[in-house]
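Below: the structure, in structure tokens.
The values are calculated or read from the model by the stated rules, or taken from the named source; none is laboratory data. Fair warning: this is a prediction, and the values are worked out from it, not measured in the lab. All Cβ positions, glycine included, derive from the backbone under ideal geometry; neighbour counts span all protein chains shown.
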Amino acid sequence: HNQMCNSYEEPSLSDTEINTTSDSSAEPVFLSDASKVICHGPGLSKGFLGRKNTFYVDCSKAGRNLLFVGMHGPTIPCERVSIIHMGGHQYRINYVVKERGKYILAVKWGDEHIPGSPFHITVL
């Protein structure tokens, strides 16, 4: 069965707007548009066993939200997914897998998939 490996980047408090009118728990409200997120890089189409595979996510025109990246493969979870914020809502994502085969990579900006997600990746 498929297992999931997740990672996410938390924005700083200054990136959120607090809505205090809904209830006393004051959850942050994010103003964002996942359709404006741009992804590129070799790691979006193929990956290599036991090596760091990389792709980039540009959320600079997509408002403010949380970036979620999850990947699952044939039988075991990916070993590691890391999200590095490079500044200006631009991210570098690295992942390492230990099994050949077909993987599904989901990239979400808040609750919404970005264009192209989920991505289908072949690990050689």
Scanning segment 68-124 residue by residue, the ones that are under 12 Å from the mean Cα position of the chain (by Cα), of a type in the set (D, E, K, R) and surrounded by 14 or more Cβ atoms within 10 Å (Cβ to Cβ) total 3
I'd like the full set of residues that are surrounded by 14 or more Cβ atoms within 10 Å (Cβ to Cβ) and either touching a Phe, Trp or Tyr at 6+ places or on another chain (Cβ under 6 Å) or small (G, A, S) (or both), limited to segment 40-58. G43, L44, G47, N53, V57
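Taking segment 33-48 only, how many residues are hydroxyl-bearing (S, T, Y) and at pLDDT 95 or above?
So in segment 33-48, the residues hydroxyl-bearing (S, T, Y) come out as 35, 45.
Still in the running and at pLDDT 95 or above: 35.
Residues in segment 33-48 being hydroxyl-bearing (S, T, Y) and at pLDDT 95 or above: 1 in total.
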Filtering segment 97-110 down to residues that are free of Cβ contacts under 8 Å to residues at least 60 places away in the same chain and part of a loop (DSSP other than H, G, I, E, B) yields V97, K98, E99, R100
Scope segment 49-96; condition at pLDDT 95 or above, charged (D, E, K, R) and assigned to a strand (DSSP E or B); matching residues: D58, R92
